[in-house]
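Asks: Would you mind keeping the following structure in view while I ask a few things?
The values are calculated or read from the model by the stated rules, or taken from the named source; none is laboratory data. Small disclaimer: the values here were computed from a predicted structure and weren't measured. Cβ atoms come from the backbone with ideal geometry, glycine included; neighbour counts cover every protein chain shown. Calculation scope for accessible area: heavy atoms of the full protein, side chains included, ligands and nucleic acids excluded. Shrake-Rupley method; radii C 1.70, N 1.55, O 1.52, S 1.80 Å.
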Amino acid sequence: MAATVATPVVQTEHEPDRCGSEESHRAETADESGQQQPGPATAVTHSRPSKLPLARIKALMKTDPDVSLASQESVFIIAKATELFVEMIAKDALVYAQQGKRKTLQRKDLDNAIEAIDEFAFLEGTLD
C-alpha cells in the first residue's frame with residue numbers, strides 16, 4: 001500500500017494578481033490580527049452580492065411594457081451588469097479628471113470618455 005501524506009497549504013502573502021480585492025484582503029488581515037486597518041473594508045459590516053438595490057432594479061425593469069415578470073436571477077444579472085458598466089465608465093472618466101489634475105469627476109470628464117471610447121458611442125448626446 002502506498003502511504004499518502006497530507007501537507008497543509010498555507011498562503012503566506014497576498015497576491016494582487018489573484019481574484020479578490022484589496023478591501024477583502026484588508027478585512028482578512030484585520031480579522032487575523034484582531035485590529036482594524038483603515039480603508040473601505042472597515043465600514044462594511046456585511047457583504048452583499050449586489051451594490052445596487054435589487055427591488056428598485058426590478059421596478060425599473062417592470063416599467064417596460066414588454067416585461068411582465070422578472071426572475072431574481074435576471075434582476076441580479078442586470079444589477080451586476082449595471083455595476084460593471086458604471087465602474088468602467090467611471091474609471092475611463094477618471095483618466096480625464098486626472099489629466100486636469102482633479103480628483104472629482106465632472107460632466108466634461110464623462111463627455112470626454114464617451115467621445116474618446118468607441119464602446120460608449122451609443123451614449124453620445126444622452127447627457128445633453
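Asks: Pick from region 61-77 the residues that are touching a helix residue (DSSP H, G or I) at 6+ places or on another chain (Cβ under 6 Å) and surrounded by 13 or more Cβ atoms within 10 Å (Cβ to Cβ): which of them is nearest to residue 120 (Cα to Cα)?
Replies: Going through the qualifying residues, I end up with 75.
Asks: Follow-up question, since we're still on this one. Looking at the structure I just gave you, is residue 109 surrounded by 13 or more Cβ atoms within 10 Å (Cβ to Cβ) and out of contact with any Pro (no Cβ under 6 Å at 6 or more places or on another chain)?
Replies: It is true that residue 109 is surrounded by 13 or more Cβ atoms within 10 Å (Cβ to Cβ) and out of contact with any Pro (no Cβ under 6 Å at 6 or more places or on another chain).
Asks: While we're on this one: Which of the residues belonging to region 68-98 are more than 16 Å from the chain's Cα centre (by Cα) and either under 21 Å from residue 114 (Cβ atoms) or among the aliphatic types (A, V, I, L, M) (or both)?
Replies: If the condition is that a residue be more than 16 Å from the chain's Cα centre (by Cα) and either under 21 Å from residue 114 (Cβ atoms) or among the aliphatic types (A, V, I, L, M) (or both), then 69, 70, 75, 95, 96, 97, 98 are the ones that fit.
Asks: If you don't mind, there's one more thing I want to ask. State whether the residues of region 39-54 include one that is at pLDDT below 95 and touching a His at 6+ places or on another chain (Cβ under 9 Å).
Replies: yes
Asks: Still on this structure: Which condition does residue 60 not pass, out of (1) under 15 Å from the mean Cα position of the chain (by Cα); (2) assigned to a helix (DSSP H, G or I), if it passes all the others?
Replies: (1)
Asks: Every residue in region 78-103 that is among the aliphatic types (A, V, I, L, M) and open to solvent by 60 Å² or more (accessible area, probe 1.4 Å), please.
Replies: 78, 84, 86, 88, 94, 95
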